[in-house]
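As structure tokens, the structure follows; a few thoughts come after it.
Every read-out reported here was derived from the displayed coordinates using simple, explicitly stated rules and does not represent laboratory data. This one's a predicted model, so the numbers in the text were calculated from it and none came from an experiment. Because the Cβ atoms are built from the backbone with ideal geometry, glycine has one as well, and the counts that use them run over all protein chains shown.
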Amino acid sequence: MKFTAGLIGLVLVIVGIIWWSNRDEPAAAAEQLVRANSHKLSAAADGKVTLVEFLDFECPSCAAAYPSVERIRTEYAGRITYVVRLFPLTGHKNAIPAASAAQAAANQGKFEAMYKKLFESQGSWGGKETDQAATFEQYATELGLDMTRYKTDVAAQATSSFITAEVTDAKTVKVTGTPTFFLNGKKLTTTPTYDNLKKAIDEALAS
């Protein structure tokens with residue numbers, strides 16, 4: 001009888017683990033996913049579908065997802081809102097400098113251009129132990145930024161505070177790695193391939 005009771009208990013534990021691993025992710029608080037000052041690269045007039053990505057410009061997985069995201073943005077232009085949130089990982093030497101470069105570019109209306117530049121060139125600067133600030137300055141020059149202002153903004157406390165606030169929001173909604181996507185407040189748990197993103201977006205648009 002004790003063996004039977006123990007077996008039943010073990011089965012219940014296993015069922016609980018399976019349920020927990022397969023459960024739907026709860027919706028995150030809207031204000032912690034999209035702030036008034038968040039970087040919106042695409043916008044839908046109806047506001048029905050919002051895709052939020054927490055990313056690290058030095059993250060290889062983010063760079064791998066980048067072409068799929070850009071394809072999605074092109075195909076769903078005007079139908080979805082796409083928001084970038086910064087979540088530089090401590091294990092990447094130049095993640096914070098890259099995020100600072102992007103934010104400094106944002107102050108001159110060039111966030112999207114720097115976002116593209118950083119991902120499309122990640123292979124040349126990512127993964128290096130040396131400071132890549134000079135590389136990012138070169139990108140800023142190529143984008144036609146006012147370099148005096150750019151350098152000031154990169155080093156500004158406001159830039160550091162913005163990135164810290166982004167990281168705080170990420171941790172609050174339980175982001176632990178990059179890229180992490182939320183669709184209408186719900187964390188996507190599938191690999192962010194083009195097909196998976198498209199399927200999730202199509203379902204959201206149809207609902």
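Of all DSSP-defined beta bridges confined to region 22-114, some 35% are antiparallel rather than parallel.
Computed from backbone phi with θ = phi - 60° and the Karplus coefficients 6.51, -1.76 and 1.60, the 3J(HN,Hα) list for region 189-203 is 9, 8, 4, x, 7, 4, 4, 5, 5, 4, 4, 5, 5, 4, 5 Hz; x is used for glycine and proline. Reducing region 145-207 and region 28-71 to their Cα centroids gives an inter-centroid distance of 5 Å. Pairwise Cα distances in region 59-207 exceed 24 Å for 35 percent of all pairs. In straight-distance terms, cross-link reach from K93 covers every one of the aspartates and glutamates whose alpha-carbon lies under 17 Å from its own, apart from those fewer than eight places away in the same chain; here that gives D56, E58, E129, D131, E137. Ordering T74, A98, G126 by Cα displacement along the dipole of the chain toward the positive end leaves T74 in first place; charges were set at the Cβ atoms of Lys, Arg (+1) and Asp, Glu (-1). With runs of 4+ DSSP H residues as the only contributors, calculate the mean residue ellipticity of the chain at 222 nm using -39,500 (n - 2.57) per run, divided by the residue total and rounded to the nearest 500. Only helices count here, giving -17000 deg cm²/dmol. Against the main long axis of the alpha-carbon atoms of the chain, helix 133-142 sits at an angle near 70°. When only the Cβ of Lys, Arg, Asp and Glu is charged (+1, +1, -1, -1), the dipole of region 100-184 relative to its Cα centre reaches about 160 debye. Applying 1/(1 + (r/R0)^6) with R0 = 30 Å to the Cβ-Cβ distance of M147 and T168 gives a FRET efficiency near 0.50. Please figure out what share of the DSSP beta bridges in the chain is antiparallel and state it in percent, rounded to the nearest 5. So the antiparallel bridges amount to about 60 percent of the total. Scanning the chain for trypsin sites (Lys or Arg not before Pro) in DSSP loops with at most 13 other Cβ atoms within 10 Å, what's the longest stretch left with none? Formally, the longest exposed-site-free interval is 49-127.
Among the GluC sites (Glu not before Pro) found in region 42-151, those both in a DSSP coil and sparsely packed, with 10 or fewer other Cβ atoms within 10 Å of their Cβ, are E129. Think of each Lys and Arg Cβ as +1 and each Asp and Glu Cβ as -1; about the Cα centre, that makes the dipole of the chain roughly 460 debye.
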